[in-house]
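Below is one structure, written out as C-alpha cells; the observations come after it.
The values are calculated or read from the model by the stated rules, or taken from the named source; none is laboratory data. Remember, predicted model here, so these are calculated numbers, not experimental data. So basically every Cβ, Gly included, is an ideal-geometry build from the backbone, and we count neighbours across all protein chains shown.
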Amino acid sequence: MLSHRQNGETIIPKRLKIDDRNLELAIDLITYFEEAVGKTQGELDNKLSEFEGDSPDYRLIRGLVHLLKSSFCTFEVVSPLEPQELRDRVFVLSARSIPSSQASSQTLITLADKLSQELNREVLPEQIRTGLYADLQENRILTQFDAPIPEDLLHRYNLSQVQGVFYRASQMTLNAHRNVPGEYKLLFRYLKLFQLMTYIEGDADHGFTITIDGPTSLFKPSTRYGLAIAKMLPALLHVTKWSLSATLQTRDFYTGASKTGRFTLNSDCGLVSHYPPGKPYDSMLEASFANRWDSLKTDWVLEREVDLIPIPGSVMIPDFRLVHPDGRTYLLEIVGYWRPEYLQKKFAQARKAECDNLILAVSERLNLEKAGVKVSDTPAKIIWFKDKLLPKTVLDVIE
C-alpha cells in the first residue's frame, strides 16, 4: 500500500491533499466503521469491499482502511466460553451420536441445545453456535471504534507513506538544529526507546548531528529495525527545527537490480505527528521532587531539563538545573531505575562528561555492585536517598 515514485536517485512518497475529495473519502470510510460497531469483521470487510468496487484508487482506500483498523479499532473474540473449549465439547457430544453423511445446520442446533443443558442453561444455544468459531479473524467483533477527525486520518496516511521510505534505508543523518532543550530530550528518549543504533555529535548551542544505521546496513536486513526507524519519525516532528537525509537501497521494478536512492526531509515538511508531546516529568520521583522544591524558601531556582552535556558519541541530559542569583549552577540527575544496562550507561556518561557541577542522586535500593558500577570512579557529587529525594538533602550538598 506504499506509493513512491523516483526522480533520478530521489525518492518521492505519495502525499494526499487535504481537499474536499479526499476528505469526503475519509468521511465515507469512517462512517462504515462507525456503523460496524457490534458487528463482525467479516461484515465490515464485505461492506468495504463493495465500497471499493473496481475503483482505480483501491490502494488508497486499502491504505486508509488499514490505518483505521490498526490504530482506531478494537476487535475482540466474543464467546461465552473459549472457542477452543466450545469446539472440544461440541465435538465430544457429536462423537456420541451415529455418524451421518447428512450432517447439516440442524445437527449443530441439536448439539448446541444439548451442551446448553449440560451447562445448566447458563449459556444459550445461539451463543454456543456463534461462539464456536468466534476466534476466526472474520468473526471477531468490532467492540470499539475511536473515530478520528477526517483531516487527522489523511495526515496519518501522509505520515505513513513517508515512514515507509525508511524500511530500505542503509543510513540516515539527522541534523537537529538549535532547539528548546526539552525537545532534544524527547527526541533522544525515542531514539533509546526504539533501540536505534546512533552516533551523536554536537551540543545544545549549535545543535546535534545524529547518524543512524538503517535496516539494510545490518548483516541481515531487519523489517523490525526498519519499523523502529519509521516509528521515530512522529517523535521528530515535535522538534522545531531539523533536517535529515537518508540513503536507500531499492530495486529496479523491471530488472530487479539493486540501486541507490536518496531521500531528504526537514521541519517544513508539513507532516503532522500523532504522538503526544513530551511529559513534564519522566517519573513520579522527579515530579514529587519538583513539587517539594516549589514549597521551599530558598534563593536557588529549580529549572527543568535546560542543559545538555555532550559526550563522545552521545549526549547526557540531566533532569534539573539549580541556579543561584550569584551565578552558581549545578546539574542534578536522579538515578532511580534499576536495570544494570541503564546504570552502567548512566555512570559511564557521568565519567565521560567530566562535569564538576554535576550531582547524581542515587537510590539506595539499586544494586550497583551487581550492575558492576563503582561510585568511586565517578567525579560527580553523590547523594543517596531511599523512597523520596528530599530538596533539603540537595541544598546541604550545594551549600
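Do you know which of the residues in region 296-333 that are basic (Lys, Arg) and under 18 Å from Leu285 (Cβ atoms) is surrounded by the fewest Cβ atoms within 10 Å (Cβ to Cβ)?
Checking each candidate, the answer is Arg304.
Of the residues Leu302, Leu308, Leu218, Leu296, the single one that is assigned by TED's automatic domain parsing to the domain that holds Asp387, at pLDDT below 75 and touching a helix residue (DSSP H, G or I) at 6+ places or on another chain (Cβ under 7 Å) is Leu308. Considering the conditions (1) within 28 Å of Tyr275 (Cβ to Cβ); (2) surrounded by 16 or more Cβ atoms within 10 Å (Cβ to Cβ), Leu132 is excluded by exactly one of them, (1). Yes or no: region 184-203 includes at least one residue that is charged (D, E, K, R), in contact with a Leu (Cβ under 9 Å, 6 or more places away or on another chain), modelled with pLDDT under 80 and not assigned by TED's automatic domain parsing to the domain that holds Arg304. Yes, region 184-203 contains a residue that is charged (D, E, K, R), in contact with a Leu (Cβ under 9 Å, 6 or more places away or on another chain), modelled with pLDDT under 80 and not assigned by TED's automatic domain parsing to the domain that holds Arg304. Taking the conditions (1) buried (at least 20 other Cβ atoms within 10 Å of the Cβ); (2) modelled with pLDDT under 85 in turn, Gln163 satisfies each one other than (2). Would you check which residues across region 221-257 are modelled with pLDDT of 85 or more and of a type in the set (Ser, Thr, Tyr) and list them? Hits for region 221-257 are Ser243, Ser245, Thr247.
Among the helices (runs of 4 or more DSSP H) confined wholly to region 1-82, which include 1 or more residues that are of a type in the set (A, V, I, L, M), under 23 Å from Ala230 (Cβ atoms) and in contact (Cβ under 8 Å) with a residue 60 or more places away in the chain?
Qualifying helices (runs of 4 or more DSSP H): 20-35, 58-72.
As a summary of the residue check, Pro379 satisfies the conditions (1) in a loop (DSSP other than H, G, I, E, B); (2) at pLDDT below 75 except for the one numbered (2).
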